[in-house]
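Asks: Handing you this structure, nothing more for now.
The values are calculated or read from the model by the stated rules, or taken from the named source; none is laboratory data. Every value quoted in this text rests on a predicted model; they were computed, and no experiment measured them. Neighbour counts run over all protein chains shown; Cβ positions are idealised from the backbone, glycine included.
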Number of protein chains: 2
Amino acid sequence: MQNIRALLFDVFGTVVDWRSSIIDEGAEINRCKNLNVNWADFVDEWRGLYQPSMEAVRTGKRPWTILDVLHRESLDQLMQKYQIIGWTEAEIVHLNNAWHRLTPWPDSSEGLYRLKKKYTIGTCSNGNVALIVDMAKHSDLPWDMVLGAEVTGHYKKQPEAYLTSVEMLGLTPEQVVMVAAHNDDLYAAEALGLKTAFVARATEYGPHQKKDLVAEKEWNYVASDFLDLAAQLNA
Amino acid sequence: MQNIRALLFDVFGTVVDWRSSIIDEGAEINRCKNLNVNWADFVDEWRGLYQPSMEAVRTGKRPWTILDVLHRESLDQLMQKYQIIGWTEAEIVHLNNAWHRLTPWPDSSEGLYRLKKKYTIGTCSNGNVALIVDMAKHSDLPWDMVLGAEVTGHYKKQPEAYLTSVEMLGLTPEQVVMVAAHNDDLYAAEALGLKTAFVARATEYGPHQKKDLVAEKEWNYVASDFLDLAAQLNA
């Protein structure tokens, strides 16, 4: 543990509760616009288009494209499907930017402040820089820096997303802990030599979540939340 | 002013007093190692090699190389010239990392905290990410993000260093203020459409400073320090 200098965090699901946040914004939209959209279904479909949209970039079928743009393309598609029509461009942009306003889990902000006192804390997310920074200011997430997809030009789980982030920290992989609520993120990080921390977020995908309810292996750290992680890391 | 969303800061000289910081570290080295090096001369020469070392990268004579490495090459050259010999590798690395431990001007930290409440604040420096983040943690500089050279792959005054930073902010150039103690940095930013703020740091180059004592033109903002800048920007 003495060797650890920095923590890199996955963000969607690990730090913030994207599903509830967007359902809440949707409920407000239903009220204001007198709509009857099922926003739980809507957000699950929106998130369902996330991996396929990035895969086109990962495989080189399209040039580097930030997540805000991928989110918008998926949103346009779903608004059509759900027959949500007649919105101004500014209203659509605002809804797309719901991803910039996601609410943290109750322990996230306090846990990050504790960890920041002892370690460098950064993001290694697929979110673009503006998305992560807007969210940080909205939800009091005191990142030392924003790394990950946009600054490395690669989406996770591409190795460069992790390794270039570590390189920008001026550290070696074994000095860095990848923190995620997703086992597959940790398998990828571990294979590259990073240390790993699993934090269960058992309601990320709502009441019927099947995946990532528990750590699938003995990661370097398995914590119930960020405060527990801080305690385990003596922060 | 209503349109301004973010401020990007030059760092060396604008936020931190690199010359005095390194002279102070040198005085400590003279004491501990019983040396008689003139560290004012030494640091002026070290900084003198800064632009030529980046120029080899800018012109494509060498591939992308971070500032820590350029600083180290210059340091090796100067240690030979000043006949500073017999150091361990760890001692040389520590001295090279003096650039990670630079002391802010008296108003820098407080001014940034004020500006951060109202605006996104980031760096647009030639320093690499680890250098800027170590300095931020050492000197309590609450950046929202680290942009500039390493994440854009271009040294100032190359246009990409500014424009890709603005793009990563998700903003247009006219929504961003470049803050610098150097008129040439502001000429470059202005030409690309950014707003400009000059903050005089009249002792950056020591008692005999000839350049950048005053604003060379009516920049959008001309401030005596970061607190004055915060006041002018209603932060």
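Asks: Answer yes if at least one residue in the range A:225-235 is under 22 Å from residue A:21 (Cα atoms) and either touching a strand residue (DSSP E or B) at 6+ places or on another chain (Cβ under 9 Å) or without any contact (Cβ under 8 Å) to a residue 40 or more places away in the chain (or both), and no otherwise.
Replies: Checking the range A:225-235: at least one residue is under 22 Å from residue A:21 (Cα atoms) and either touching a strand residue (DSSP E or B) at 6+ places or on another chain (Cβ under 9 Å) or without any contact (Cβ under 8 Å) to a residue 40 or more places away in the chain (or both).
Asks: Please work out which residue is surrounded by the most Cβ atoms within 10 Å (Cβ to Cβ), limiting yourself to the range B:169-187 and to residues that are more than 23 Å from residue B:211 (Cα to Cα) and touching a Leu at 6+ places or on another chain (Cβ under 6 Å).
Replies: So in the range B:169-187, the residues more than 23 Å from residue B:211 (Cα to Cα) come out as B:169-176.
With the extra rule that they be touching a Leu at 6+ places or on another chain (Cβ under 6 Å), the set shrinks to B:173, B:176.
Details: B:173: 17, B:176: 27.
Looking at residues that are more than 23 Å from residue B:211 (Cα to Cα) and touching a Leu at 6+ places or on another chain (Cβ under 6 Å), I get B:176.
Asks: For the range A:86-124, enumerate the residues that are polar (S, T, N, Q), within 14 Å of chain B (Cβ to nearest Cβ) and in contact with a helix residue (DSSP H, G or I) (Cβ under 7 Å, 6 or more places away or on another chain). Break it down into steps so the answer makes sense when it comes.
Replies: Of the range A:86-124, the ones polar (S, T, N, Q) are A:88, A:96-97, A:103, A:108-109, A:120, A:123.
Still in the running and within 14 Å of chain B (Cβ to nearest Cβ): A:96-97, A:120, A:123.
Answer for the range A:86-124, where residues must be polar (S, T, N, Q), within 14 Å of chain B (Cβ to nearest Cβ) and in contact with a helix residue (DSSP H, G or I) (Cβ under 7 Å, 6 or more places away or on another chain): A:96, A:120, A:123.
Asks: What pairs come up if the first residue lies in the range A:110-134 and is assigned by TED's automatic domain parsing to the domain that holds residue A:158 and within 22 Å of residue B:170 (Cα to Cα), the second is outside any helix (DSSP H, G or I) and acidic (Asp, Glu), and their beta carbons are under 9 Å apart, counting only those six or more places apart or on different chains?
Replies: Close Cβ pairs satisfying both conditions: A:122/A:144; A:123/A:10; A:124/A:10; A:125/A:10; A:126/A:10; A:133/B:144.
Asks: If you don't mind, another one. Scan the range A:85-96 and give yes if some residue there is part of a helix (DSSP H, G or I) and within 18 Å of the chain's Cα centre (by Cα), otherwise no.
Replies: Taking the range A:85-96 as the starting set, the residues that turn out to be part of a helix (DSSP H, G or I) are A:89-96.
From what is left, the residues that are within 18 Å of the chain's Cα centre (by Cα) are A:95-96.
So far as the range A:85-96 goes, yes, one or more of its residues are part of a helix (DSSP H, G or I) and within 18 Å of the chain's Cα centre (by Cα).
Asks: Turning to a different aspect of this structure: Which ones in the range A:1-38 are under 17 Å from the mean Cα position of the chain (by Cα) and surrounded by fewer than 18 Cβ atoms within 10 Å (Cβ to Cβ)? First the steps, then the outcome.
Replies: Let us first name the residues in the range A:1-38 that are under 17 Å from the mean Cα position of the chain (by Cα), namely A:7-23.
Across the range A:1-38, the qualifying residue is only A:20.
Asks: Please tell me if residue A:127 is crowded, with 24+ Cβ neighbours inside 10 Å, more than 10 Å from chain B (Cβ to nearest Cβ) and assigned to a helix (DSSP H, G or I). Please lay out each step first, then the result.
Replies: Numbers: crowded, with 24+ Cβ neighbours inside 10 Å: yes; more than 10 Å from chain B (Cβ to nearest Cβ): yes; assigned to a helix (DSSP H, G or I): no.
So residue A:127 fails the test.
Asks: What single numbered condition from (1) of a type in the set (A, V, I, L, M); (2) within 15 Å of residue B:120 (Cβ to Cβ); (3) over 19 Å from the mean Cα position of the chain (by Cα) fails to hold for residue B:177?
Replies: All conditions pass for residue B:177, except number (3).
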